[in-house]
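Inspection log for the structure reproduced underneath, given as structure tokens.
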Amino acid sequence: MKKTPIAILISGRGSNMRALIDSCARPDYPARIALVLSNNPDAPGLEVARAAGLEAHAIDHRPYRRDREAHERALDAALRAAGVEYVCLAGYMRLLTPFLTTAWAGRMLNIHPSLLPAFAGLHTHERALESRVRIHGCTVHLVTEGMDEGPILGQAAVPVLAGDTPDTLAARVLRQEHRLYPAALHHVLAPRTAPEPHETDCLLSV
């Protein structure tokens with residue numbers, strides 16, 4: 001089958017990147033990873049990607065100082081040189097400027113560790129516990145100029161249990177992230193052939 005070339009942007013260990021690597025390795029999955037990029041030269045995920053035989057590079061944001069757009073133009077040039085058609089943010093810890101969100105409008109995905117629109121931004125698990133919600137989870141959405149405000153592609157929910165800590169709740173959500181992100185990307189690229197989620201706590205809305 002024809003596989004769409006994608007890029008994955010990371011800043012750290014790339015946990016969700018690993019789930020995408022595993023999915024893209026399947027012959028029936030509609031994407032292939034053409035490039036992994038990081039803003040952090042020391043990101044452990046870069047070595048994970050290289051060990052998987054992938055092209056992986058860092059474009060350090062620090063030499064650009066406060067010029068975020070200049071850094072993003074360098075990212076954009078690398079993405080286009082690699083023939084990338086879709087971009088997946090996987091723990092990419094940089095706020096994006098309108099330059100990059102406009103350049104990849106409708107073709108850039110992000111995974112966020114909450115059931116958006118609840119708990120946009122950081123420290124989602126701590127805030128969920130402080131708010132005493134009974135259900136928490138994760139969301140895959142298209143990236144727009146507003147932080148965590150893009151159209152929702154899919155969500156997966158987990159219960160909040162008595163005695164949960166931010167770490168135990170985060171671990172439960174992360175397991176769902178690893179299922180949801182590949183499924184949501186599959187639905188975007190090949191909706192007619194995408195398998196339906198096999199568990200009731202995962203809802204794809206594409």
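List of remarks:
- Note on the range 68-134: Cα Rg divided by 2.2 N^0.38 Å, N the number of residues, gives 1.38.
- Stretching the chain fully between L161 and R94 yields a gain of 21.0 nm (0.36 nm per residue, less the alpha carbon separation).
- Extreme residue, positive dipole direction of the range 11-157, given options A90, M108, T124 (C-beta unit charges): T124
- Put a plus charge on the Cβ of each Lys and Arg, a minus charge on the Cβ of each Asp and Glu, and nothing anywhere else: the dipole of the range 38-97 about its Cα centre is then about 200 debye.
- For the chain, a Gaussian network of Cα nodes joined below 10 Å ranks S15, S23, S131 by mean-square fluctuation, and the top entry is S131.
- Within the range 26-184, all pairs of alpha-carbon atoms sorted by distance into 10 Å bins from zero give the percentages 10, 35, 36, 17, 2.
- Binning the C-alpha pair distances of the range 48-99 at 5 Å intervals from 0 yields a P(r) profile of 4, 15, 25, 30, 17, 7, 2 %, listed from the shortest bin outward.
- Cα gyration tensor shape of the range 1-115, rounded if a/c is under 1.5, else prolate or oblate by comparing a/b with b/c: prolate
- Our helix-only sum for the chain, with -39,500 (n - 2.57) per DSSP H run of n ≥ 4 divided by its residues, gives a mean residue ellipticity at 222 nm of -10500 deg cm²/dmol.
- Spin-label model distance (nm) - A51 vs A81, 7 Å beyond Cα toward Cβ: 2.7
- Note on the chain: GNM, Cα springs under 10 Å; of P182, P151, P27, the largest mean-square fluctuation is that of P27.
- Spatial separation of Cα centroids for the range 13-45 and the range 96-157, in angstrom: 19
- Using alpha-carbon coordinates, inclination of helix 166-189 to the longest axis of the chain, degrees: 60
Laboratory data are not the source of any read-out in this text; all were calculated from the coordinates shown. All figures in this text were calculated on a predicted structure; none of them were measured in a lab. Here the Cβ is made from the backbone with ideal geometry for all residues, glycine too, and neighbour counts use every protein chain on show.
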